[in-house]
Every structure is written in C-alpha cells, then in structure tokens.
Amino acid sequence: MSTVEIITGPGDLATAAPPPPAERTGGGARALARLLGSELRLVFLRPRNLVTLGVLAAVPVLLGIAVRAAGPDTGGRGGMIIAQVAGNGLVLTFVSLFVLTPLLLPIAVSVVSGNAIAGEASGGTLRYLLTAPAGRTRLLAVKYVSVVVFCLAASLVVTLSALLTGLLMFPSGPMTLLSGVTVPVGDGLLRLLIVVGYVTAGMAALGAVGLAVSTFTSAPVGAIAGTMSLVVTAQVLQAVPQLAWLRPYLVTNYWADFDGALRAPIETAELTQGLLVFAAYIVVFGSIAWARFTGRDVNC
C-alpha cells in the first residue's frame with residue numbers, strides 16, 4: 001500500500017496511510033464551500049458593489065415618484081404606462097425591470113464579472129488563490145457562481161424595491177396583462193418570479209462574457225470596459241435594420257423578452273428561446289474562460 005511520509009520531529013520519520021476517498025471528498029467539498037463563502041463575502045461587502053446595488057434600488061423609487069408627480073393625464077404611449085402604474089403598483093416592478101435591463105443592470109454585472117479574475121491579478125492575490133487545493137477549474141467555477149448570485153441579488157433588489165414602492169404609492173389589486181386579460185394578485189406575483197428568473201439568466205449570460213474577458217487582462221477597468229463595449233456594440237447592431245439577420249445571435253436581443261410572461265397564456269416559446277440563447281452564451285464564453293484560465297501563466 002502506498003504511504004505518505006510525514007516529518008513529525010527533528011530526525012523522526014513516520015508514515016501514514018492516505019485518507020479514505022470519502023474523507024478526501026468531504027474535505028474538498030468543505031474547502032470549496034469555504035472558498036465560495038469567502039468569494040461571496042468579497043463580492044457583497046465590496047463598497048462599489050454595495051453602492052451599485054443601492055443605485056439599482058433607488059431607480060424604482062425615482063420612477064414611482066415621477067409617475068406619482070406626472071398624474072394620469074399624460075398622453076401618448078408613456079401616458080398609458082403611467083396610467084397602468086398609477087392604477088396598480090405591481091406594474092411598477094415590470095416597468096423598472098424594462099428600464100434597467102438594457103443598461104444599468106448590465107453595468108452592475110460587468111463590474112462584478114470583469115473584476116472576478118482581473119481584479120485578483122491586479123491586486124497580486126491570484127497567484128495565492130491558485131495555490132488552494134480547489135484547482136483552477138473549481139476556482140473559476142466559484143468565481144462564476146458568485147457572479148450568478150450577484151445577478152440574482154441585483155434582480156431581486158430591483159424587484160423588491162419596485163414592489164415596495166408600488167404598494168406604498170399606488171393601489172394594488174388584480175393586474176391587467178399586456179394581452180388585456182386581468183389576473184389576480186397571486187398570478188401576477190407568480191409571473192413576477194418568472195420574470196426575475198429570466199432576467200437573472202440573461203445577466204448570467206453577460207456574466208460569462210465578462211468572466212471570459214477578465215481572463216485576458218490584468219486590468220479590471222479594461223475588463224469592465226471591454227464587457228460593456230460588447231454590450232453597447234450588440235445593442236447598436238441590433239438597432240440597424242440592415243443587420244436584422246444578426247439579431248438572433250445577439251444576447252441583448254432577448255433581454256426584454258420576459259414580456260412573454262405578461263401575456264395570457266404565457267408565451268413559453270419566446271421565453272424558452274431566450275433561455276436557450278443565454279445557455280449557449282454561458283457554455284461558449286464559459287469554455288473560453290476555462291481554456292484561457294487553465295492555460296494561463298500567472299506571475300503576479
């Protein structure tokens with residue numbers, strides 16, 4: 001049987017059998033859990049991330065105040081939206097997500113994902129992290145899981161802020177969907193959960209892009225700017241009529257498709273297509289991040 005040599009004292013050599021597989025697995029799982037917990041604390045206790053979440057929480061409040069101040073007499077399409085929000089505070093949650101999904105939510109996710117690897121390299125801590133027994137693949141997985149958790153937290157912060165603001169400022173009750181059907185409050189809240197899950201998945205796809213970009217540089221600002229540049233470029237390409245053939249391949253094209261949950265019946269085909277595109281982005285850019293990170297020579 002193979003043995004592991006252990007030095008127990010000056011000139012004293014002892015031998016010990018390697019731990020059982022179950023013990024090694026359990027220890028590895030505990031180490032991985034500790035690493036994930038440490039990473040989540042780092043993400044959610046970092047001042048700029050807390051400020052970002054605070055800004056996201058403030059936007060629905062400002063929207064609610066603006067709608068309350070505008071009153072029900074505003075004309076046009078904007079007036080219709082204002083009338084819907086003023087008539088039912090639950091609608092403010094969906095409006096807030098529509099407003100924040102194209103820009104502010106992507107900025108928040110780009111900051112966290114772009115800083116995931118590049119920030120460690122810039123601070124000189126990446127080499128230390130790579131000495132952990134978790135290995136590069138598990139370390140990268142932990143980094144991505146923390147990004148996904150932040151995506152969920154950001155979506156929930158917007159939703160809860162908008163929901164609380166809407167209930168305090170406006171009446172609540174059965175909600176009229178985009179298809180004209182009125183559903184009870186419970187049904188509206190269930191649809192809201194679907195929307196939160198869909199938005200989280202869309203931001204998680206962007207998080208995979210940001211993580212991949214982060215593995216190519218040691219400058220966090222460059223990784224964040226690079227990720228947001230890709231987002232802006234995709235949105236510009238999406239707006240050009242002559243490039244309509246390109247839209248199905250752009251992740252930004254599907255971010256607002258959660259309106260399928262606001263119809264009766266729920267447009268599952270539209271939601272499923274968006275989720276499949278998000279999954280494809282996660283697989284492709286996750287693979288790029290893994291290939292780059294596991295083959296990277298770290299000297300910092």
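Numbers for the structure displayed
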read-out: Tabulated pairs, the range 172-200, first in contact (Cβ under 8 Å) with a residue 40 or more places away in the chain and at positive phi, second surrounded by fewer than 15 Cβ atoms within 10 Å (Cβ to Cβ) and of a type outside the set (S, T, N, Q), C-beta under 9 angstrom, 6+ apart or interchain; value: Gly173/Pro184; Gly173/Val185
read-out: Where a residue in the range 57-83 is modelled with pLDDT under 75 and its partner, wherever it lies, is in a helix (DSSP H, G or I) and surrounded by 12 or more Cβ atoms within 10 Å (Cβ to Cβ), with Cβ under 6 Å and at least six apart; value: Pro72/Ala83; Pro72/Ala86; Thr74/Ile82; Ile82/Val67; Ile82/Ala70
read-out: Which listed residue is surrounded by fewer than 23 Cβ atoms within 10 Å (Cβ to Cβ), touching a residue at least 40 places away in the same chain (Cβ under 8 Å), part of a helix (DSSP H, G or I) and on the phi < 0 side of the Ramachandran plot, from Leu163, Leu206; value: Leu163
read-out: Residues of the range 130-185 satisfying the condition of being modelled with pLDDT of 90 or more and basic (Lys, Arg); value: Lys143
read-out: Residue within the range 135-149 that is under 25 Å from Val232 (Cβ atoms) and of a type in the set (Val, Ile, Thr) present; value: yes
read-out: Unique match (being touching a Lys or Arg at 6+ places or on another chain (Cβ under 6 Å) and either modelled with pLDDT of 95 or more or assigned to a helix (DSSP H, G or I) (or both)) among Gln238, Gln273; value: Gln238
read-out: The range 26-45 residues that are modelled with pLDDT of 80 or more, paired with ones that are surrounded by fewer than 13 Cβ atoms within 10 Å (Cβ to Cβ) (beta carbon under 8 Å, 6 or more apart); value: Phe44/Leu50
read-out: Residue within the range 247-257 that is without any contact (Cβ under 8 Å) to a residue 60 or more places away in the chain, among the acidic types (Asp, Glu), farther than 30 Å from Gly295 by Cβ and buried (at least 16 other Cβ atoms within 10 Å of the Cβ) present; value: yes
read-out: Any chance Val232 is among the β-branched types (Val, Ile, Thr), free of Cβ contacts under 8 Å to residues at least 40 places away in the same chain and part of a helix (DSSP H, G or I); value: yes
read-out: Residues that are under 15 Å from Thr182 (Cα atoms) and outside any loop (DSSP other than H, G, I, E, B), drawn from the range 84-98; value: Gln84, Val85, Gly87, Val91
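The values are calculated or read from the model by the stated rules, or taken from the named source; none is laboratory data. Keep in mind it's a predicted model, so treat the numbers as computed, not measured. Counting neighbours? That spans all protein chains shown, and the Cβs are built from the backbone with ideal geometry, glycine included.
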